[in-house]
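Colleague: Below: one structure in structure tokens.
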Amino acid sequence: MRLRVIKRLETSRKIMILVRISSVFAALMTASIVFLVYGLNPVDVYSSIFYNAFATRIGVTESVVRMIPLLLVSSGLALVFRTGFWNIGAEGQLLAGAMAAYVIAVNYGSLPSALLIPILFSIGFAAGAAWGIPPAILRAKLNVNEVISTLMLYYILYWVFQHLIHGPWKAKEKVGQLTYGGFAHTEVIPEASHLPLIDGTRIHWPTLLIAVITSILAYLILRKTPWGFEMRAIGSNPDAASAAGMSYMRTVVLAMVVSGGLAGIAGVGELCGVQKRFTPEFLSGYGFSGIITAWLGGNNPLSLIVTNFLYGGLLVGGEYIMITYRLPIGVVDLFNGIILFFILAGEFLVRYRVVRG
């Protein structure tokens, strides 16, 4: 039997919802095989994940903590994905924002918090945007594949980061009269640069506020502005958009400024709101997980608020089962990878249909 793949001229909302729900269901069924291999009942595992993520106070607040960087990253990705530009390097843009904020926090930590914190967010946005612009220009001018360039830029910065925290940025420790470089981590950033928290939680509310507002603004930009129309037009049919006088380079570069900038703010939130210093494990994969949630939310910035909260809960629940059932961390990563694989496969079916003949 011969099968052909045909691009859908139009995809109904019903099919989009059905495909995405089916993708998540298929991913959970596939992941169940992994849990069975470890001798675990998948129903018990999934029950533990959802109970500890969404039915306890700590679980809910920790789900919000995870949601903050995911929402910032995926809101930016939702914009740039609409242009047909595949920014896979949000992890690097997040790191760029955090590193820039660290430099400012260490050197200007004597400033009052009311002045220093807005500066940190601004410099984090600028650094993330700057790290995202080169791939957009390379794509527009030289047709360089952005999947490769954004990902490679991440690895470049990652190894620079590793060099700094193992060398020039490594904290000095004192034993008696001796001062030496200790473990591979930096000094804790000055207290003035610490983001305020909601009492009794780890929720750094300034970043949460920025994340929610920017997701609403991203929705309004996409739906209510000429720039949003250009992004959707270029993403749907770049040749027709170009013939209509729309600039591919201007639109994509601006989208990458916003996307990289929001990832940079997410990095500031992680450094100044959660971790307070750099360690080799500073990166938690939010830049890559944001790709999953952007797709899960259908690249709709408003729906991303709910999607990222649920996905943040899955991360919290995943850590819980890793401890409770003594699973290796690779199993949790495999769980996330299975979800991403089925989401991407589902998106293929949203855009194309398979027919006989």
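Colleague: For Gln275, work out the one condition from (1) under 20 Å from Asn52 (Cα atoms); (2) open to solvent by 50 Å² or more (accessible area, probe 1.4 Å) it doesn't fulfil.
Modeller: (1)
Colleague: Does Glu230 qualify as being under 22 Å from Leu302 (Cβ atoms) and among the acidic types (Asp, Glu)? Give the derivation first.
Modeller: Numbers: under 22 Å from Leu302 (Cβ atoms): yes; among the acidic types (Asp, Glu): yes.
The answer is yes for Glu230.
Colleague: Still on this structure, I have one more. Residues that are more than 13 Å from Ala90 (Cβ to Cβ): which helices (runs of 4 or more DSSP H) entirely in segment 236-306 hold 3 or more of them? Don't jump to the end; show me each part of the working.
Modeller: Working: elements: 238-243, 248-269, 286-296.
Output list reads 238-243, 248-269.
Colleague: With respect to Gly273, is the statement that it is modelled with pLDDT of 90 or more and under 23 Å from Tyr311 (Cα atoms) true? Can you show your working first?
Modeller: On the way: modelled with pLDDT of 90 or more: yes; under 23 Å from Tyr311 (Cα atoms): yes.
Taking the combined requirement at face value, the residue satisfies it.
Colleague: From (1) surrounded by 14 or more Cβ atoms within 10 Å (Cβ to Cβ); (2) over 21 Å from the mean Cα position of the chain (by Cα); (3) charged (D, E, K, R), pick out the condition that doesn't hold for Arg66.
Modeller: Against the list (1) surrounded by 14 or more Cβ atoms within 10 Å (Cβ to Cβ); (2) over 21 Å from the mean Cα position of the chain (by Cα); (3) charged (D, E, K, R), Arg66 comes up short only on (2).
Condition check ((1) within 18 Å of the chain's Cα centre (by Cα); (2) closer than 24 Å to Thr150 by Cβ; (3) modelled with pLDDT of 90 or more; (4) of a type outside the set (S, T, N, Q)) across all residues:
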site	(1), (2), (3), (4)
Gly290	yes, yes, yes, yes
Leu296	yes, yes, no, yes
Asn336	yes, yes, no, no
Glu347	no, yes, no, yes
Val354	no, no, no, yes
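Colleague: Could you go through segment 169-177 and let me know if any residue there is of a type in the set (Gly, Ala, Ser), touching a Lys or Arg at 6+ places or on another chain (Cβ under 9 Å), more than 25 Å from Phe85 (Cβ to Cβ) and open to solvent by 50 Å² or more (accessible area, probe 1.4 Å). Steps first, answer last, please.
Modeller: Looking only at segment 169-177, we keep the residues that are of a type in the set (Gly, Ala, Ser), and these are 171, 176.
Then drop every residue that is not touching a Lys or Arg at 6+ places or on another chain (Cβ under 9 Å), which leaves 171.
Narrowing further to those that are more than 25 Å from Phe85 (Cβ to Cβ): 171.
When the remaining residues are screened for being open to solvent by 50 Å² or more (accessible area, probe 1.4 Å), the result is none.
There is no residue in segment 169-177 that is of a type in the set (Gly, Ala, Ser), touching a Lys or Arg at 6+ places or on another chain (Cβ under 9 Å), more than 25 Å from Phe85 (Cβ to Cβ) and open to solvent by 50 Å² or more (accessible area, probe 1.4 Å).
Colleague: Of a type in the set (Gly, Ala, Ser) and open to solvent by 40 Å² or more (accessible area, probe 1.4 Å), is that true of Ala126? Can you show your working first?
Modeller: Details: of a type in the set (Gly, Ala, Ser): yes; open to solvent by 40 Å² or more (accessible area, probe 1.4 Å): yes.
Taking the combined requirement at face value, the residue satisfies it.
Colleague: Another question about this same structure. Which one is surrounded by the fewest Cβ atoms within 10 Å (Cβ to Cβ), of the residues in segment 15-46 that are of a type in the set (S, T, N, Q) and at pLDDT 90 or above? Walk me through how you get there before you give the answer.
Modeller: Filtering segment 15-46 down to residues of a type in the set (S, T, N, Q) leaves 22-23, 30, 32, 41.
Remaining after also requiring at pLDDT 90 or above: 30, 32, 41.
Numbers: Thr30: 14, Ser32: 17, Asn41: 11.
Here the answer is Asn41.
Colleague: So how many residues does segment 82-98 have that are surrounded by fewer than 24 Cβ atoms within 10 Å (Cβ to Cβ) and either under 13 Å from the mean Cα position of the chain (by Cα) or closer than 23 Å to Ala171 by Cα (or both)?
Modeller: 1
The values are calculated or read from the model by the stated rules, or taken from the named source; none is laboratory data. Computed from a prediction, not measured in an experiment: that's the story for all the values here. Ideal geometry is used to build each Cβ from the backbone, glycine not excepted, and the neighbour counts take in all protein chains shown. Accessible surface is based on the protein model in full, side chains and every heavy atom, while ligands, DNA and RNA are left aside. Shrake-Rupley method; radii C 1.70, N 1.55, O 1.52, S 1.80 Å.
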